[in-house]
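Enquirer: Shown below is the structure under consideration.
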């Protein structure tokens, strides 16, 4: 059987993704009731970080520890990856000593190349093109608060970035409609819009996206590596802030999510994280539970 990885949402079927969401909720209940569940004692996760992180590192490391295993933090500053060793060589060596690897990096081709030479499952914990782990947490959060997301309308407001790309794939995998509002020149990649035209619509304004939405999602205007563009982006995105007015255009029970960290006064209004329909803190916590379900799935699938 071919080794299973999780580099984008399309690496799993819709049925498998739903199994992971259901399992994430079960694992959350176990953790909240302090029931010990340690199926992976003695197993080790390698965590390769070329981009800084708060939620990703804590959730994966805590999750593997709760499973009875352990996790090793590897940064490009501390390994040969940062000194020019070919990815293919590093993948062969690192994967020979570990049971599973997660990578948070820049170019998506890095995780693809690593996975093609790895002996163990590889998880994309964020690249410039995709952020599939965040989508698992987001979908889990929606399901917990509103039930199935199938047939619902989701509004993406802001940059056509890696999160937007993963929402496009999620619309296809989970069967919801995605309306994307982003300034000219900041749209998601054309290949994604064409491939998923059956479930994705590019609209002109944030207001157009928000009307009748069941979920509104946004992200920072300038992602890691784009700090020099901050002032230019502030001007371009000025009318794409998620605020109380935008929420009033959506369904009355419309949820609001943000993958964090958030910049109050920029992509969101000052009090948006405290909005009655904001579920950002549940969304953040669910990174732990959704990723534990993913790790369990991959480790067990690859033992077959």
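The values are calculated or read from the model by the stated rules, or taken from the named source; none is laboratory data. Note that the structure is predicted; figures quoted are calculated from it, not measured. Neighbour counts run over all protein chains shown; Cβ positions are idealised from the backbone, glycine included.
Enquirer: With respect to residue 92, is the statement that it is free of Cβ contacts under 8 Å to residues at least 40 places away in the same chain, part of a helix (DSSP H, G or I) and in contact with a helix residue (DSSP H, G or I) (Cβ under 7 Å, 6 or more places away or on another chain) true?
Expert: Against the criterion (free of Cβ contacts under 8 Å to residues at least 40 places away in the same chain, part of a helix (DSSP H, G or I) and in contact with a helix residue (DSSP H, G or I) (Cβ under 7 Å, 6 or more places away or on another chain)), residue 92 qualifies.
Enquirer: Here's something else I'd like to know. Taking residue 73 as the residue in question, decide whether it is touching a strand residue (DSSP E or B) at 6+ places or on another chain (Cβ under 9 Å) and outside any helix (DSSP H, G or I).
Expert: Yes: the conditions hold for residue 73.
Enquirer: Sticking with this one: What do you reckon, is residue 239 in contact with a helix residue (DSSP H, G or I) (Cβ under 7 Å, 6 or more places away or on another chain) and surrounded by fewer than 14 Cβ atoms within 10 Å (Cβ to Cβ)?
Expert: Yes: the conditions hold for residue 239.
Enquirer: Can you tell me which residue within the stretch 158-192, out of those that are in contact with a strand residue (DSSP E or B) (Cβ under 6 Å, 6 or more places away or on another chain) and part of a helix (DSSP H, G or I), is surrounded by the most Cβ atoms within 10 Å (Cβ to Cβ)?
Expert: 167
Enquirer: For the structure I just gave you, tell me whether residue 239 is in contact (Cβ under 8 Å) with a residue 12 or more places away in the chain, over 26 Å from residue 290 (Cβ atoms) and over 23 Å from the mean Cα position of the chain (by Cα).
Expert: It is true that residue 239 is in contact (Cβ under 8 Å) with a residue 12 or more places away in the chain, over 26 Å from residue 290 (Cβ atoms) and over 23 Å from the mean Cα position of the chain (by Cα).
Enquirer: Consider residue 45 carefully, then state whether it is assigned to a strand (DSSP E or B), surrounded by 15 or more Cβ atoms within 10 Å (Cβ to Cβ) and either touching a residue at least 24 places away in the same chain (Cβ under 8 Å) or touching a helix residue (DSSP H, G or I) at 6+ places or on another chain (Cβ under 9 Å) (or both).
Expert: yes
Enquirer: Among what's in the stretch 77-107 and is crowded, with 18+ Cβ neighbours inside 10 Å and within 28 Å of residue 189 (Cα to Cα), pick the residue that is modelled with the lowest pLDDT.
Expert: Checking each candidate, the answer is 87.
Enquirer: Please determine whether any residue of the stretch 265-276 is closer than 28 Å to residue 34 by Cα, crowded, with 19+ Cβ neighbours inside 10 Å and under 19 Å from the mean Cα position of the chain (by Cα).
Expert: Taking every residue of the stretch 265-276 in turn, none turns out to be closer than 28 Å to residue 34 by Cα, crowded, with 19+ Cβ neighbours inside 10 Å and under 19 Å from the mean Cα position of the chain (by Cα).
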